[in-house]
Amino acid sequence: FRFKDSLAEDLRSADLIISHAGAGSCLETLEKGKPLIVVINDKLMNNHQLELARQLHRDGYVLCCHCSTLVETLQLMDLSTLKPFPPGQPEKFALFLDKVVGFQ
């Protein structure tokens, strides 16, 4: 498909997700507890996705590769090495923001 309003159902039914390293795509997948292979797009200007992909990989949450190494990554992957992504804590951000703007 070229466009979908939501990928929630696809994520729910998948056993493995292969995605670019967009922050929304990565976080939505990790929050659903699905194993994720992040494919870096070297053609992006300033390649901001590379930083996120590398950090998530270093932290043990995702596998990371380039288009040219995707097949090798799939052949050699061990999904048992991936750590579960910790749940978000929006209340901490809200408290921090309240403090910064002087509501506390």
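Worth pointing out:
- Which numbered condition GLN75 misses (of (1) open to solvent by 80 Å² or more (accessible area, probe 1.4 Å); (2) touching a strand residue (DSSP E or B) at 6+ places or on another chain (Cβ under 9 Å); (3) at pLDDT 95 or above): (2)
- Pairs meeting the criteria (first residue in the stretch 80-104 and surrounded by 10 or more Cβ atoms within 10 Å (Cβ to Cβ), second residue assigned to a helix (DSSP H, G or I), beta carbons under 6 Å, at least 6 apart or on different chains) are PHE85/LEU30.
- Residue in the stretch 8-27 that is farthest from HIS48 (Cα to Cα), counting only those that are touching a strand residue (DSSP E or B) at 6+ places or on another chain (Cβ under 9 Å) and open to solvent by 70 Å² or more (accessible area, probe 1.4 Å): ILE18
- Beta carbons closer than 7 Å, at least 6 apart along the sequence or on distinct chains, pair a first residue in the stretch 9-23 that is at negative phi and among the polar types (S, T, N, Q) with a second that is outside any strand (DSSP E or B) and surrounded by 16 or more Cβ atoms within 10 Å (Cβ to Cβ) for SER19/SER25; SER19/CYS26; SER19/THR29.
- Residue within the stretch 47-55 that is closer than 15 Å to THR73 by Cβ, assigned to a helix (DSSP H, G or I) and open to solvent by 20 Å² or more (accessible area, probe 1.4 Å) present: yes
- Residue within the stretch 29-41 that is open to solvent by 60 Å² or more (accessible area, probe 1.4 Å) and touching a strand residue (DSSP E or B) at 6+ places or on another chain (Cβ under 8 Å) present: no
- Criterion violated by LYS43 - all others in (1) part of a loop (DSSP other than H, G, I, E, B); (2) free of Cβ contacts under 8 Å to residues at least 24 places away in the same chain; (3) on the phi > 0 side of the Ramachandran plot satisfied: (3)
The values are calculated or read from the model by the stated rules, or taken from the named source; none is laboratory data. All of these numbers come straight from a predicted model, not from anything done at the bench. Virtual Cβ from ideal backbone geometry, glycine too; neighbours counted across all protein chains shown. Surface areas here come from the heavy atoms of the whole protein model, side chains and all, with no ligands, DNA or RNA. Shrake-Rupley method; radii C 1.70, N 1.55, O 1.52, S 1.80 Å.
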